[in-house]
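Novice: Next up is a structure, given as structure tokens.
Laboratory data are not the source of any read-out in this text; all were calculated from the coordinates shown. Everything numeric here is computed off the predicted structure, so don't read it as measured data. A quick note on method: Cβ atoms are made from the backbone with ideal geometry, for glycine too, and the neighbour counts reach across all protein chains shown.
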Amino acid sequence: MPGWRGRERRRGPSWSAVLDGEAVAGDGHEGIQGSSLAINPVRAVPLYREHNARNRCLTTEEEARLMDTLPDRLRPFVALALHTGMRRGELQKLRWENVDFATSTIRITQDKAGDGRWVALKSAARTALLTVKREQKVLSPYVFCSPQGKFLHNFARAWQPALHAAEIPDFRFHDCRHTFASRLAMAGVDLYTVQRAGGWKTAAMVQRYAHLSPTTSGPPWNS
């Protein structure tokens, strides 16, 4: 088992392999209660942990190409992600009742941390939402919805072909969030503000962007 887990790590395990392996570890714990074994034989096998240090950012050129290849109805969806740092699930669940144009804010009632937060709408994000409001042809509680006004499913059907057509490799939707934070850091925004803007729970979660700040000591930017 340890050798199998090591091989999976080296080649980047599929989610099915990870889940199967963790199911084996769990079943071993349950099965030991009805056997003569004194210890769980798979307890020492470490569970696979998702790598969370990824920081792939979209360049301005890639962003322009992506917007050209996305369907019209999804351009505001991606624009809002890039300019607010909102997660895909937060965008899919977003309702008009939680958008306040008067104060240029969005209320996320529950985020990944388990708490709600407020999101400030800058010019580009506000414009994206106004575009959706103006062009939405169905009455729906959702800001981003299906043609029938229902919850937006099957986003990947348009997302993946758009990435391919724009020739953008190794880019996931969650990288829009990294792009948002990285651009703030490069603009000189302090990490505390970056943390609050993106709703990260701890300061440690935004340390990956510290080196992007123009005030960070190190090699000159133009070197």
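Novice: Is one or more of the residues making up the stretch 101-123 touching a strand residue (DSSP E or B) at 6+ places or on another chain (Cβ under 7 Å) and either loosely packed, with under 12 Cβ neighbours inside 10 Å or in a helix (DSSP H, G or I) (or both)?
Specialist: no
Novice: Among the numbered criteria (1) under 16 Å from Thr84 (Cα atoms); (2) part of a loop (DSSP other than H, G, I, E, B); (3) touching a strand residue (DSSP E or B) at 6+ places or on another chain (Cβ under 9 Å), which one does Gly149 miss?
Specialist: (1)
Novice: Could you tell me how many of the residues in the stretch 160-194 are of a type in the set (D, E, K, R) and within 16 Å of Arg65 (Cβ to Cβ)?
Specialist: So the count comes out to 3.
Novice: Another one. Can you find even one residue in the stretch 192-215 that is of a type outside the set (A, V, I, L, M, F, W, C), in a strand (DSSP E or B), farther than 24 Å from Thr60 by Cα and in contact (Cβ under 8 Å) with a residue 24 or more places away in the chain?
Specialist: no
Novice: Free of Cβ contacts under 8 Å to residues at least 40 places away in the same chain and surrounded by 12 or more Cβ atoms within 10 Å (Cβ to Cβ): does that describe Asp175?
Specialist: Answer is no for this residue.
Novice: Before we move on, is Val194 surrounded by 12 or more Cβ atoms within 10 Å (Cβ to Cβ), over 18 Å from the mean Cα position of the chain (by Cα) and of a type in the set (A, V, I, L, M)?
Specialist: Spelling it out, it is not the case that Val194 is surrounded by 12 or more Cβ atoms within 10 Å (Cβ to Cβ), over 18 Å from the mean Cα position of the chain (by Cα) and of a type in the set (A, V, I, L, M).
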